[in-house]
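A quick write-up on the structure given underneath.
The values are calculated or read from the model by the stated rules, or taken from the named source; none is laboratory data. Just so you know, these numbers come straight off a predicted model, no measurement behind them. Note that we place each Cβ from the backbone using ideal geometry, even for glycine, and neighbour counts take in every protein chain shown.
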């Protein structure tokens with residue numbers, strides 16, 4: 001009888017979930033950015049190579065995000081402009097080939113992340129940035145047969161704060177960053 005009570009007590013105790021590590025899927029993670037070009041239009045470009053890790057514990061509502069963006073993978077849609085934007089007045093990829101985002105806090109509502117606060121480093125300059133999570137989904141990946149997560153997030157930064165402000169105010173200082181991210185359980 002004592003064994004039965006002990007087994008029942010163990011089964012009734014809630015399990016403490018450990019944080020789960022997810023590796024960013026470079027084939028489905030694309031940070032993009034947009035800005036006003038001379039007031040004529042909103043130009044959009046993206047980065048094609050991103051790596052990193054997401055730690056997530058939905059039950060405890062804790063997590064962390066660590067992302068590295070290969071700045072040389074910038075894709076403006078024009079080979080000539082790709083080269084131009086990598087120059088010292090903008091991304092300066094010769095000296096600073098990567099940009100990073102490291103979270104300091106993840107905010108949750110009803111078990112899902114809704115904001116990620118952290119530090120973005122670009123061109124050797126680190127500034128606080130808050131990514132607003134506009135969508136989050138977690139489920140078994142149908143092809144990888146492992147748990148996977150996906151989200152969309154957005155933030156706005158100023159180019160001048162990262163020493164990339166050439167042609168401001170003609171070319172907009174405010175840059176909207178949108179990130180479509182998918183990550184698979186490690």
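A Cβ distance below 9 Å, combined with a sequence gap of six or more or placement on separate chains, defines the contacts here; from the range 81-96, residues that are on the phi > 0 side of the Ramachandran plot and at pLDDT 95 or above reach residues that are assigned to a loop (DSSP other than H, G, I, E, B) and surrounded by 15 or more Cβ atoms within 10 Å (Cβ to Cβ) in the pairs 92/86; 92/123; 92/163; 92/164. Here the condition is being under 20 Å from residue 44 (Cα atoms), touching a helix residue (DSSP H, G or I) at 6+ places or on another chain (Cβ under 8 Å) and not in a strand (DSSP E or B); of 91, 80, it holds for 91 alone. Can you pull out every residue in the range 61-75 that is outside any strand (DSSP E or B) and either buried (at least 17 other Cβ atoms within 10 Å of the Cβ) or within 16 Å of the chain's Cα centre (by Cα) (or both)? If the condition is that a residue be outside any strand (DSSP E or B) and either buried (at least 17 other Cβ atoms within 10 Å of the Cβ) or within 16 Å of the chain's Cα centre (by Cα) (or both), then 71, 73 are the ones that fit.
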